[in-house]
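One structure is given here, and the rest of the page talks about it.
The values are calculated or read from the model by the stated rules, or taken from the named source; none is laboratory data. Please read all numbers here as calculations on a predicted model, not as lab measurements. FYI the Cβ positions are ideal-geometry reconstructions off the backbone, even for glycines, and counts take in every protein chain you see.
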Amino acid sequence: MMAEQNDHYQADILVVDDTPDNLRLLIRILQKQGYKVRPVTNGFSALEAIQSSPPDLILLDIMMPDLDGYELCQQLKAEPQFSQIPIIFLSALEQGINKAKAFEVGGVDYITKPFHVKEVLARVSNQLAVRSLQIKLQENNQKLTEQNVQLHQEIAERRQVEMETRLLLRATQAISKSENFESAIDLILRLICETIEWNLGEAWIPSSDGQVLKCALGRYASDLSFSEFRQTSCQLSFAPGVGMPGRIWLSQQSEWIDDVSTAPEQVFLRSQIAANVGLKAAFGVPILADSQVLAVLIFYRDKNLECQPRLLELVSAVATQLGALIQRKQAEESLRLQQKQTERLLLNILPKPIADRLQKEQKLIADHFDEVSVLFADLVGFTEFSARKTPTQLVEILNGIFCEFDRLSESHGLEKIKTIGDAYMVVGGLPTARGDHAQAIALLALEMQSALTQFNLKIGESFQLRIGMHSGSVVAGIIGISKFSYDLWGDTVNVASRMESNGMPGKIQVTGATYERLKEQFIFEERGMIEVKGKGKMLTYWMIKEL
C-alpha cells in the first residue's frame, strides 16, 4: 500500500461521516486534488470497507450513532494489519479534552468543523507524507536484512525518516494544542531546533502597518552565548527585499546561506556578530496563508553547511501547518467578534436572560410573572414644544431625557420595555423576579421627576411628567419575526397605562394594589374614586415622597 500522491498512484482515502453535506464537501475537496475517495456513513460500514481494502488514510467523524469514531479507532489500532493506517479525526468539538482523547486512542491529527479547504488539504497531505515515510522506513528495514552492503546507508536513511516523521507528528500535535500564534511560534522554534540539532531559531513578523518585519518575542537558543546576536535582532527591522528576512518576505520562497559569518553585508547584515558568536549556516522559510506572508522563520547553526533541500522541505511542511493554524485562529477571532457584536445588539433591545435564551434557538419566548410593577411616564408639553423645534433639535432633547431615564432604570435593576413617542415604559420584577419591585419602581418615579427638573433648568424649558403605576401579574415575551421586541401584556399593563393617562402633570398616580405594597415606605395622598376605562370606579393615590 502506497501513501504518496503521484502521477502513477492515487492515494486511497476513506471518509467516514454520518452527515451527507460533510461527505459531499470532503469528496469534492479531495477528488479535486486527485485523491481516490471512498465515502461511508457509519462505523460498521467503515470496518467492512477497511477489511475489504485498507486505505492509505482515514478521515473519521467522532460523533456517530452505534459505533462512534473513538471506538472505531480503538478497534483498528488493536488489529496489527490496520494499526498503522493514519486516522485524522473530524469534529465540531473544540475542547482540549476531546482533542486529547483523539490522540490517546491513536489519532494522528484533528480537523475542526466547519472545514477550511487549505487546512484539510495541508493536513491530509502531511499525514500522507508521514505515512509514506513510515512505509518507506519499513521497506528500508526489509532491505537491511537482504543487502548488508547497503547497511550504513539504510541506517542513515532510517534515522532521517524517523527524525522527519517525529518532527511532523510532534509539530502537528503541538500546533493543534496551541492557543494562539505566539505560543505556537515558541513551541515550533524549539521543536525544530532540537529535532534537527540547530542552535538558534527566530521568527520575524510584519509590523502593524505592514511596512517592515520585526523580530517576534518567541525564539529558541541552545546556548546563552548567542544572546548578543539575539539582542541585535530585537533592535532591527527589515523592509521587503532587505536582508535575509526581507528577501524571503518579498519572494515568498525559502533561502539558504552556507556561512553567514563570511557573507557580504548586503547578503547578511549581521555577519560580524554572527562570526563573534560562532554562527555559520542559516536558512529561512515563510509562513504563508492565502498568498500572504504571515511570518518568516530563520534558523542558524554553528557549522558551515551546504543547502539541504530535504530539510527545507521538512521545515516548510511545518510552516504550512502553522499557516493553517493562524488562519483558523483568525477565523475563530473574527467569529468571536461577530458573536460579541450580535450579543451587544441583542442586549440593546432585549434583557440579557431573554437574549441568552433567544441565542439558544428558543423560538417562542413567553413567561408569566405573578408579581411585577409597571410604570408609564408621559412627557407633558412636549407636543407643543415639538412644533417650534427642528427635527434634529427635537430628537436631541428627547434622547437626552430618555438616556437619563435609561441610566436611572439600570441603576435600580429595572427593565426598560420601550418608548412610544414621548412616553416611557419600564417594569420591575422581570425577567428576574424580585420582592422589592414596587419600591424600586417608586424610587425610579421620584428620581425621574428630579432628573427632568434638572434638565429643564439646563435647557430653559418647563416639561412635566405624568406618571402612572400599577402592580400585579403580566405575561412577557418576544413578538415578531423581524425587528422583534420584548413586550408585556395583561390587565396590569392596561391599568398602569390608565393611571398615567388619567393622571395629572407633575404627579405620580398609583392604584390601591401598588399603594398597599408601598404605604409603609412612602407618603401618599388619597385622590379618591376615579372612572377608569374598562375597569369602572377605582380608588387611586398620589405618591408624594419617600418616608
From Gly477, Gly534, residue being farther than 28 Å from Thr383 by Cβ and in the same structural domain as Ser386 (by TED's automatic domain parsing): Gly477
Taking Val40 as the residue in question, decide whether it is more than 18 Å from Val130 (Cα to Cα), more than 28 Å from the chain's Cα centre (by Cα), of a type in the set (A, V, I, L, M, F, W, C) and buried (at least 16 other Cβ atoms within 10 Å of the Cβ). yes
Considering only the stretch 431-451, I want to know if a residue exists there that is closer than 25 Å to Asn399 by Cα, among the hydroxyl-bearing types (Ser, Thr, Tyr) and free of Cβ contacts under 8 Å to residues at least 60 places away in the same chain. yes
Which residue pairs have Cβ atoms closer than 7 Å, lie 6 or more positions apart in sequence or on different chains, and pair a first residue in the stretch 286-308 that is assigned by TED's automatic domain parsing to the domain that holds Ile196 and in a loop (DSSP other than H, G, I, E, B) with a second residue that is charged (D, E, K, R) and crowded, with 20+ Cβ neighbours inside 10 Å? Asp302/Lys280; Lys303/Lys280; Asn304/Lys280
Pairing a residue in the stretch 220-240 that is under 15 Å from Leu189 (Cβ atoms) with any residue that is part of a loop (DSSP other than H, G, I, E, B), where Cβ atoms lie under 6 Å and the two sit 6 or more apart in sequence or on different chains, gives Ser222/Asn199
Of the residues in the stretch 185-197, those that are of a type outside the set (D, E, K, R) and out of contact with any Leu (no Cβ under 9 Å at 6 or more places or on another chain) come to Leu187
Tally, over the stretch 376-418, of residues that are under 22 Å from Thr514 (Cβ atoms), polar (S, T, N, Q) and surrounded by 13 or more Cβ atoms within 10 Å (Cβ to Cβ): 1
Where a residue in the stretch 77-91 is closer than 15 Å to Val130 by Cβ and its partner, wherever it lies, is in a strand (DSSP E or B) and of a type in the set (Asp, Glu), with Cβ under 6 Å and at least six apart: Ile88/Asp109
Return only the number of the condition from (1) at pLDDT below 85; (2) closer than 22 Å to Ser316 by Cβ; (3) in contact with a Lys or Arg (Cβ under 9 Å, 6 or more places away or on another chain) that Glu179 does not satisfy. (2)
Return a yes/no flag: does the stretch 421-429 have any residue that is buried (at least 17 other Cβ atoms within 10 Å of the Cβ), free of Cβ contacts under 8 Å to residues at least 40 places away in the same chain and in contact with a strand residue (DSSP E or B) (Cβ under 8 Å, 6 or more places away or on another chain). no
State which residue pairs qualify: first residue under 12 Å from His116 (Cβ atoms) and inside the stretch 328-340, second residue among the β-branched types (Val, Ile, Thr) and surrounded by 11 or more Cβ atoms within 10 Å (Cβ to Cβ) in any location, beta carbons under 8 Å apart, and separation of 6 or more residues or different chains. Arg328/Thr112
The number of residues in the stretch 239-272 that are in contact with a Leu (Cβ under 6 Å, 6 or more places away or on another chain) and in a loop (DSSP other than H, G, I, E, B) is 3
Against the definition (surrounded by fewer than 18 Cβ atoms within 10 Å (Cβ to Cβ) and in the same structural domain as Pro114 (by TED's automatic domain parsing)), how does Gly96 come out, yes or no? yes
Boolean, Ser83 is of a type in the set (Ser, Thr, Tyr) and buried (at least 17 other Cβ atoms within 10 Å of the Cβ): no
Among (1) farther than 18 Å from Gln449 by Cβ; (2) at pLDDT below 90, Val372 falls short only on (2)
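If we scan the stretch 115-133, do we find a residue that is modelled with pLDDT under 85, assigned by TED's automatic domain parsing to the domain that holds Ser91 and assigned to a helix (DSSP H, G or I)?
For the stretch 115-133, residues modelled with pLDDT under 85, assigned by TED's automatic domain parsing to the domain that holds Ser91 and assigned to a helix (DSSP H, G or I): absent.
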